[in-house]
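Here is the structure we will look at.
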Amino acid sequence: MEILTDRELTIVKLMAQGLDNKEIAAIIHVSKHTVKAHVSTIIRKLDAKNRTNAVYVAVLKSLIEVEMAF
């Protein structure tokens, strides 16, 4: 598994909050196309199947922490 950059970690944290590419782009002040490229790279680096699986893998690998709301 490749190491995620700081920007990729920021994006995966925002993905974990359930935000879509457009919402993430607005928060980090880049285009949604740039976010899409980062998400693709994150998925590849984590050897994930999709963006949801990428968040799951990031949590399992202790790359990010998520709060569970019940």
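Things worth noting here:
- Excluding exposed DSSP-loop trypsin sites (Lys or Arg not before Pro) (at most 15 other C-beta within 10 Å), longest clean stretch of the chain: 1-48
- Taken along the Cα-to-beta-carbon direction at a fixed 7 Å, the label points for residue 66 and residue 26 span 2.2 nm.
- Rounded D (µm²/s) - segment 6-60, Kirkwood Rh over Cα pairs, Stokes-Einstein at 20 °C, 1.002 mPa s: 199
- Sites matching GluC sites (Glu not before Pro) across the chain that sit in DSSP coil, with at most 12 neighbouring C-beta atoms within 10 Å: 2, 65, 67
- Applying the Karplus relation 6.51 cos²θ - 1.76 cosθ + 1.60 with θ = phi - 60° to segment 7-22 yields 3J(HN,Hα) values of 5, 5, 5, 4, 5, 5, 5, 5, 4, 5, 7, x, 7, 8, 4, 5 Hz, where x marks Gly and Pro.
- With θ taken as phi - 60° and the Karplus curve 6.51 cos²θ - 1.76 cosθ + 1.60 applied, the whole-hertz 3J(HN,Hα) list for segment 28-43 is 9, 6, 9, 6, 5, 5, 5, 4, 4, 5, 5, 4, 4, 5, 4, 4 Hz, x standing for glycine and proline.
- Shown in residue order for segment 51-65 are the 3J(HN,Hα) couplings computed by the Karplus curve 6.51 cos²θ - 1.76 cosθ + 1.60 at θ = phi - 60°: 5, 5, 5, 4, 5, 4, 5, 4, 5, 4, 7, 6, 7, 9, 10 Hz (x for Gly and Pro).
- For the chain, a Gaussian network of Cα nodes joined below 10 Å ranks 28, 43, 11 by mean-square fluctuation, and the top entry is 28.
Throughout, read-outs are computed from the coordinates displayed, never taken from laboratory work. Since the structure is predicted, the reported quantities are computational estimates derived from the model, not experimental observations. Virtual Cβ from ideal backbone geometry, glycine too; neighbours counted across all protein chains shown.
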